[in-house]
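Only the coordinates and a few stated rules stand behind these numbers; no lab work does. Please read these numbers as outputs of a predicted model, since none were measured by experiment. Backbone-built Cβ (ideal geometry, glycine too); neighbour counts: all protein chains shown.
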Amino acid sequence: MRVRLAMSTAIIFTIASTAVAQPAPAPFTGRDLSGTYACTGVDGHEGAYTSTVTLEMDRAQSHGNRAGYHFRMEVPGYGTYRGVATADGDALAITFAHEDPATQDYGTGIAKVSRTKDGKVRFDKFYYEDAYKGGNTGTESCVRN
């Protein structure tokens with residue numbers, strides 16, 4: 001019985017010390033995409049539009065070359081979309097949804113991050129919405145102010 005108790009204690013100690021000994025995540029070393037962006041786009045159903053996108057980094061969830069962001073897009077005359085984005089180097093993935101769920105206007109986008117000729121950060125996005133008006137796609141180009 002004592003041997004069993006000693007072995008159980010040793011196993012519990014080993015598991016507990018392994019869980020505590022996890023290395024700290026690497027600090028964020030990538031390009032911070034936080035900021036406000038002026039955007040122009042073409043939606044498959046709605047046509048040409050403009051919007052303002054705000055990205056805010058979640059520093060607690062950003063490590064190495066990868067980052068998590070809170071996403072907000074405001075489209076004049078149509079409303080606000082909220083979501084999240086994740087960056088891995090120059091690749092950016094975005095999920096978004098209109099604040100009014102009745103619109104069924106939600107989707108996923110993928111974007112390439114680059115710089116304009118004058119050095120401003122930009123991203124060019126393609127998005128897909130499976131439920132909006134029977135399905136939809138669009139493109140958007142955004143330049144950080």
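Here is a list of conditions, (1) touching a Lys or Arg at 6+ places or on another chain (Cβ under 7 Å); (2) free of Cβ contacts under 8 Å to residues at least 12 places away in the same chain; (3) farther than 19 Å from residue 85 by Cα, and residue 134 meets all of them except one; can you say which number that is?
(1)
Does residue 40 satisfy the criteria of being exposed (fewer than 14 other Cβ atoms within 10 Å of the Cβ), in contact (Cβ under 8 Å) with a residue 24 or more places away in the chain and within 18 Å of residue 144 (Cβ to Cβ)? So that I can check it myself, show each step before the final result.
Working: exposed (fewer than 14 other Cβ atoms within 10 Å of the Cβ): yes; in contact (Cβ under 8 Å) with a residue 24 or more places away in the chain: yes; within 18 Å of residue 144 (Cβ to Cβ): yes.
Yes, satisfied.
Does any residue of the stretch 134-144 turn out to be loosely packed, with under 14 Cβ neighbours inside 10 Å, within 23 Å of residue 33 (Cβ to Cβ) and touching a strand residue (DSSP E or B) at 6+ places or on another chain (Cβ under 8 Å)?
Let us first name the residues in the stretch 134-144 that are loosely packed, with under 14 Cβ neighbours inside 10 Å, namely 134-135.
Retained after the next criterion (residues that are within 23 Å of residue 33 (Cβ to Cβ)): none.
No: zero hits.
What do you reckon, is residue 69 within 30 Å of residue 23 (Cα to Cα), in a strand (DSSP E or B) and among the aromatic types (Phe, Trp, Tyr)? Spell out how you get there, then give the answer.
On the way: within 30 Å of residue 23 (Cα to Cα): yes; in a strand (DSSP E or B): yes; among the aromatic types (Phe, Trp, Tyr): yes.
Taking the combined requirement at face value, the residue satisfies it.
If the Cβ limit is 7 Å and pairs must be 6+ apart or interchain, which residue in the stretch 51-68 that is within 11 Å of residue 85 (Cβ to Cβ) pairs with which residue that is outside any strand (DSSP E or B) and polar (S, T, N, Q)?
Sorted first by the residue in the stretch 51-68, then by its partner, the pairs are 55/34; 56/34; 57/34; 68/61; 68/62.
When the residues of the stretch 97-130 are narrowed to those that are loosely packed, with under 15 Cβ neighbours inside 10 Å and among the aromatic types (Phe, Trp, Tyr), which ends up nearest to residue 54 (Cα to Cα)?
126
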